Amino acid sequence: MQDRTSEWFVPKIGPRNFRIGIGMLFLPYTFIVTCFAVWGSLGGTFVLDRLGAICIIYFLAVGVSAHCLDAVGGKTKPWGTLPKRKILTIAIISLGISFTVGLYYAFLDSPILFPIGIAEGFFLFAYNLELFGGRFHNNISTVVSWGILPVFAGSAIQTNSISIETILLSIVSALVTYFLITTSRRYKELKRDGLDSSKSKEIILKLITLFVAIGTFSFFILRVI
């Protein structure tokens, strides 16, 4: 599918380049991954500045950098022909900021972030650029990098530990991620073929996003009070 500007997460108004720019970020999916990092942070003792930091890290690394790399480096070109140098520059700057923030806390008092960051960096390039013959461009890589590692990172930046609660939360996030990615791929296939049944998959994707949003907000409120 070459033209994805009709996707449900792409603005319906505005110049085409603006719509493509927002669409490339896959904001609902970026939001979900960022929420998983929040889950990890809220699983134990937390402070707001570190909660904000892990959100910035994952928004920039996954929402901006990873999706930019996917747009220009993947085998398919879902957004058409884009200015490769400009998109790569945005990806590198976003990733640089993300890793700078992560390294600050890793050197400060959260060294567990080092192996998590290395693993996320590997998946970011291997998955989105389809390195190694696309061997890591699969559901397992998505579940690990989107569903499990963000929860671990959220916990690590707060307490430099991975607790039982963190592992339980990561199991939930992994299951949500698997359901999300399999539904999303089926949705793309149906939409590409112009089938009306894609609407039901679209509704499911919206409900998953809503479920994660409500769950994250409720978790935050419970931890604050």
Using R₀ = 30 Å, calculate the FRET efficiency as 1/(1 + (r/R₀)^6) where r is the Cβ-Cβ separation of residue 81 and residue 203; round to 0.05. 0.40
The pairs in 86/199; 86/188; 12/188; 12/201; 84/199 lying past 22 Å Cα-Cα in this model are 86/199; 86/188; 84/199
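Give me the percent relative contact order of the range 16-218, please, defined on Cα pairs under 8 angstrom at least 6 residues apart. Walk me through the intermediate numbers first.
On the way: 261 pairs, mean separation 53.8, N = 203.
That works out to 27 percent.
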Taking Cα atoms only, helix 149-159 is inclined relative to the longest principal axis of the chain by an angle, in degrees rounded to 10, of 30 degrees
Rounding to the nearest 10 and keeping the result within 0 to 90°, find how far the Cα-based axis of helix 113-128 lies from the longest principal axis of the chain. 10 degrees
For the range 18-30, in residue order, the Karplus 3J(HN,Hα) values (coefficients 6.51, -1.76, 1.60; θ = phi - 60°; whole Hz; Gly and Pro = x) are 5, 5, 5, x, 6, x, 4, 6, 6, 3, x, 6, 4
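Read the figures in this text as sums done on the coordinates, not as results from a lab. The model shown is predicted, which means the values in this text are computed figures rather than measured ones. All Cβ positions, even for glycine, are placed from backbone atoms using ideal geometry, and neighbour counts span all protein chains on display.
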